[in-house]
Amino acid sequence: MAERACNEIDWAIERGRTDRLTEPSPHRLPELIAAQPPDAIALVDGERRMTYGELVQGANRYANGLRALGAVDGDRIGVCLDRSAELIVVLLGVLTAGCSYVPMEPGYPAERLAYTVGNAEVRLVITEETAPDFGATQTVDRLRLRTDDSRAPHTNATADDPAYVIYTSGSTGRPKGVVVAHRAVTSLLAATRADFGFTEQDRWSWFHSVAFDFSVWEIWGALLTGAALVVVPYWTCRSPEDFHRLLSDERITVLNQTPSAFAQLLAVDRERGGGRTPRLLVFAGEPLDTRILTEWFDRHPDTHAVNMYGITETTVHVTAQTLRRADAVVGYRSVGRAIPGWSVRVVDEQHRPLPLGVTGEIAVGGDGLAIGYLNQPELTARRFIRDEHGERIYLSGDRGRMLPDGRLECLGRLDSQVKLRGHRIELDEIRAVLVGHPTVTAAAVILAGEAEQAALHAYVVGPDIDPVAVRRFAARQLPDYMIPSTVTVLPALPLTPNGKLDRIALPAPQTQQIAELPDLPEVDGALGTVLQVWQEVFGRTVGADDEFFDLGGNSTLALEIAKRLRANGVSAVARVVYEFPTPGQLAKFAESA
């Protein structure tokens with residue numbers, strides 16, 4: 001059956017019948033992947049190469065291990081593993097067993113992981129030996145889970161059953177789980193395969209965390225089209241220099257990036273140039289300022305660039321807009337038309353369609369809609385509604401307007417939700433964590449800056465507040481992309497006449513900047529160089545033992561530090577700033593290198 005489904009897709013592409021590609025697939029992800037040529041390369045992880053046959057057999061072994069532990073159709077299985085080819089085998093094994101996977105990033109704070117485990121009511125969590133303790137929930141080491149039985153177990157699961165549950169930021173102060181079916185994922189690839197020219201000759205990079213829905217597109221997009229998925233190691237993702245080299249060395253043809261991550265890659269490409277470049281460049285996750293693409297097109301004119309708008313609740317992508325150099329020059333802002341099988345409209349507060357050019361809330365319908373929010377029927381009923389024709393649509397909370405040519409322009413959020421480096425963030429979730437600190441009585445969080453310079457800034461009120469202690473408190477509960485870069489202490493939050501937060505009246509973030517940075521003649525060698533660079537980047541006095549993240553460090557600043565160190569003769573890439581997070585440690589690394 002799965003082989004027949006793949007043949008039907010190929011038949012449609014060869015004959016130009018792309019309308020057939022929009023039909024929802026009756027098959028689950030494991031069935032379609034099992035139909036790929038068994039000898040073709042499926043996964044590349046450093047020196048390791050894994051064929052589709054090996055992938056499927058490995059997944060079957062994990063699936064049988066889950067069944068032996070009592071897992072049944074419909075169970076949710078937590079997966080908390082470091083990024084590797086084997087993680088993909090485990091995910092496919094969970095699906096093969098008739099279950100859905102709940103991805104958990106090992107680097108997230110233990111409290112957040114524990115909340116995910118409890119809220120998702122997972123049957124068990126697949127981990128490594130060093131995984132955190134999840135209390136009463138059963139954990140199993142993946143090595144002990146794998147059996148010798150490589151036959152596919154029987155399951156009654158269908159394409160309409162859940163494939164995964166991904167947790168997104170929630171306005172109540174807690175993340176919420178989005179449940180997505182197999183059919184939505186397979187429909188996404190069927191809708192885009194012809195226009196994007198996906199073939200088994202492609203090599204996709206897997207750059208994003210498995211807990212971020214952009215990874216759904218990367219992982220299953222590659223495997224459903226018979227391509228090779230290239231694992232990008234965790235530290236390579238945080239080192240644009242290393243990633244730029246990997247793209248060329250691994251001959252990546254399909255590259256998916258948030259605009260913030262691409263801005264860092266663009267800076268390296270400007271400096272180094274050369275090497276192979278992807279044929280397809282897909283942007284998603286946050287607004288794209290197309291003007292940054294002008295110089296990329298000048299160096300790589302054959303790149304097919306696409307800007308996409310999407311939401312976790314609508315299976316990653318909704319619209320697509322092909323970009324050319326002329327679009328980049330004028331700063332074209334449209335995110336395009338809905339992909340086949342999806343629909344998009346702009347509605348008013350009563351959910352009625354608005355005329356062209358009028359701003360309202362973006363609503364999405366079609367094949368990609370999620371099943372709903374896990375264990376939140378009221379929220380599901382409020383956000384997934386029926387329109388006047390009975391069609392199920394999702395109210396996104398995004399502002400937008402339809403242009404005269406039928407394309408969509410996205411204008412930001414209607415509420416406190418923002419996007420930073422591709423991650424969707426509820427500012428109220430961060431605020432709720434901050435006020436949980438014993439000394440904080442009130443808090444506010446804002447996003448300031450544009451593109452790669454954007455950063456979160458917190459304002460707190462309370463007696464005897466230590467901003468560093470508050471930031472460390474937040475770091476124990478929030479992933480790094482949600483930790484405010486600065487914490488500013490105020491006697492009270494400014495309010496509007498209506499009693500709401502007056503964001504305009506908030507002072508500039510307190511970064512302890514100084515007017516003139518002192519020279520450091522008394523510090524010789526690498527440490528002196530490192531301290532001088534850190535002072536310039538952070539705009540404040542820095543000591544040898546100051547922590548990078550305590551100072552408000554982020555991926556953009558790590559890249560800038562590495563760049564300035566190289567200009568001063570110190571060999572460094574952004575990754576080493578994370579590995580050696582104080583000037584003293586970084587200086588010792590520089591001396592040894």
_Among residues of the range 73-105, those that are under 15 Å from Val140 (Cα atoms) and open to solvent by 40 Å² or more (accessible area, probe 1.4 Å), counted_ = 2
_Need a quick list: strands (runs of 3 or more DSSP E) entirely within the range 267-366 having at least 3 residues that are of a type outside the set (A, V, I, L, M, F, W, C) and under 27 Å from Val216 (Cα atoms)._
304-309, 319-323, 360-366
*Within the range 547-579, which residues are open to solvent by less than 30 Å² (accessible area, probe 1.4 Å), over 20 Å from the mean Cα position of the chain (by Cα) and hydrophobic (A, V, I, L, M, F, W, C)?*
Phe548, Leu551, Ile561, Ala562, Leu565, Val570, Ala572, Val573, Val576, Val577
_Checking Pro109 against (1) of a type outside the set (Asp, Glu); (2) modelled with pLDDT under 95; (3) open to solvent by 30 Å² or more (accessible area, probe 1.4 Å); (4) more than 23 Å from Pro340 (Cα to Cα), the condition it does not meet_ = (3)
*Looking at (1) at pLDDT 95 or above; (2) not β-branched (Val, Ile, Thr); (3) not in a loop (DSSP other than H, G, I, E, B), which is the one condition that is false for Arg144?*
(1)
*Do any residues in the range 19-41 that are aliphatic (A, V, I, L, M) have Cβ atoms under 7 Å from those of residues that are open to solvent by 60 Å² or more (accessible area, probe 1.4 Å) and at pLDDT 95 or above, where the two are at least six apart or on different chains, and which pairs are they?*
Ala40/Glu200; Ile41/Arg49
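Results for (1) of a type in the set (Val, Ile, Thr); (2) at pLDDT below 80, shown as yes or no for each residue.
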position	(1), (2)
Gln510	no, yes
Leu527	no, no
Trp534	no, no
Gly543	no, no
Phe548	no, no
Lys563	no, no
Val576	yes, no
_Enumeration of residues in the range 176-205 that are surrounded by 23 or more Cβ atoms within 10 Å (Cβ to Cβ) and among the aromatic types (Phe, Trp, Tyr)_ = Trp204
_Residues satisfying the stated conditions in the range 238-252, i.e. within 20 Å of the chain's Cα centre (by Cα) and either within 14 Å of Gly46 (Cα to Cα) or not in a helix (DSSP H, G or I) (or both)_ = Arg238, Ser239, Asp242, Phe243, Leu246, Leu247, Ile252
*From the residues in the range 211-224 that are touching a strand residue (DSSP E or B) at 6+ places or on another chain (Cβ under 8 Å) and open to solvent by 10 Å² or more (accessible area, probe 1.4 Å), which one is farthest from Tyr108 (Cα to Cα)?*
Asp213
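Let's see how each residue does on (1) of a type in the set (A, V, I, L, M, F, W, C); (2) more than 30 Å from His457 (Cα to Cα); (3) assigned to a strand (DSSP E or B); (4) in contact (Cβ under 8 Å) with a residue 12 or more places away in the chain:
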position: Gly368; (1), (2), (3), (4): no, yes, no, yes
position: Leu379; (1), (2), (3), (4): yes, no, no, yes
position: Ser396; (1), (2), (3), (4): no, no, yes, yes
position: Arg399; (1), (2), (3), (4): no, no, yes, yes
position: Gly406; (1), (2), (3), (4): no, yes, no, yes
position: Glu409; (1), (2), (3), (4): no, no, yes, yes
*Which of the residues spanning the range 234-246 are touching a Lys or Arg at 6+ places or on another chain (Cβ under 7 Å) and open to solvent by 10 Å² or more (accessible area, probe 1.4 Å)?*
Tyr234, Trp235, Arg238, Asp242, His244
*Given the conditions (1) crowded, with 17+ Cβ neighbours inside 10 Å; (2) at pLDDT 85 or above; (3) within 23 Å of Ile166 (Cβ to Cβ), which single one is not true for Arg476?*
(1)
*Taking the stated definitions as given, is Asn256 outside any helix (DSSP H, G or I), in contact (Cβ under 8 Å) with a residue 40 or more places away in the chain and not hydroxyl-bearing (Ser, Thr, Tyr)?*
yes
*What is the number of the single condition among (1) touching a residue at least 60 places away in the same chain (Cβ under 8 Å); (2) open to solvent by 30 Å² or more (accessible area, probe 1.4 Å); (3) of a type in the set (Phe, Trp, Tyr) that Tyr309 does not meet?*
(2)
_Scan the range 82-99 and tell me whether some residue there is closer than 19 Å to Gln376 by Cα and either of a type outside the set (D, E, K, R) or touching a strand residue (DSSP E or B) at 6+ places or on another chain (Cβ under 9 Å) (or both)._
no
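The values are calculated or read from the model by the stated rules, or taken from the named source; none is laboratory data. Since this is a predicted model, take the numbers as computed values, not measurements. FYI the Cβ positions are ideal-geometry reconstructions off the backbone, even for glycines, and counts take in every protein chain you see. Heads up: the accessible areas ignore ligands, DNA and RNA and are worked out on the full protein's heavy atoms, side chains in. Shrake-Rupley method; radii C 1.70, N 1.55, O 1.52, S 1.80 Å.
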